[in-house]
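No value in this document is a laboratory result; all are computed from the given coordinates. Everything quoted here is computed from the prediction, not taken from an experiment. No Cβ is skipped: glycine too gets one built from the backbone with ideal geometry, and neighbour counts run over all protein chains shown.
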Amino acid sequence: MSTSTTASVSTHILDTSIGRPAEGVAVQLSARLGREADWQALGGSATDADGRCKDLPALPEGTTHVRLDFAVEPYFEESAKKQADAQQDAPANRDSGAAFFPEVAITFAVVPGEHYHVPLLLNPFGYSVYRGS
């Protein structure tokens with residue numbers, strides 16, 4: 001595929017509640033070819049120890065919109081379990097170990113030839129996203 005006719009996407013996640021990358025978060029990538037077109041699921045990946053997805057699928061030629069779906073609830077459940085195991089007598093600082101947002105879906109427009117790095121800053125009760133470099 002030529003980078004002049006397709007866009008490319010990368011992402012990473014930082015858990016701002018602990019100041020570390022979020023490892024093991026499943027990420028699904030979807031694309032559509034026009035505002036009115038149906039979404040096409042392209043596949044997915046999971047974040048590595050650095051919080052990065054290094055093997056997201058390539059976008060089809062003609063992609064105009066991209067959606068990244070982050071499954072964050074299992075990540076926070078596992079984090080809460082690890083925290084509870086480490087601090088058995090300490091009070092929990094999260095509501096029942098579940099994230100307020102069980103999933104995060106980010107949709108953005110793309111143009112051919114551009115690379116889009118989309119970092120997700122995450123905590124149990126909120127998130128922020130931006131176009132990185």
Can you give the three extents of the C-alpha atoms in the stretch 8-129 along their principal axes, from longest to shortest, in whole Å? 55, 26, 20
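What FRET efficiency, computed as 1/(1 + (r/R0)^6) with R0 = 30 Å and r the Cβ-Cβ distance, is obtained for Phe100 and Arg20, rounded to the nearest 0.05? Walk me through the numbers on the way to the answer.
Details: r = 20 Å, r/R0 = 0.65.
Given R0 = 30 Å and the Cβ-Cβ separation, E is 0.95.
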Enumerate the amide H contacts of Thr64 below 5 Å, restricted to partners 5 or more residues apart or on another chain; note that Pro and chain-start residues carry no placed amide H. Arg32, Leu33, Gly34
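Can you put Phe100, Phe76, Phe70 in order of Cβ neighbours within 10 angstrom, beginning with the fewest?
Numbers: Phe100 14, Phe76 23, Phe70 26.
Least crowded to most crowded, the residues run Phe100, Phe76, Phe70.
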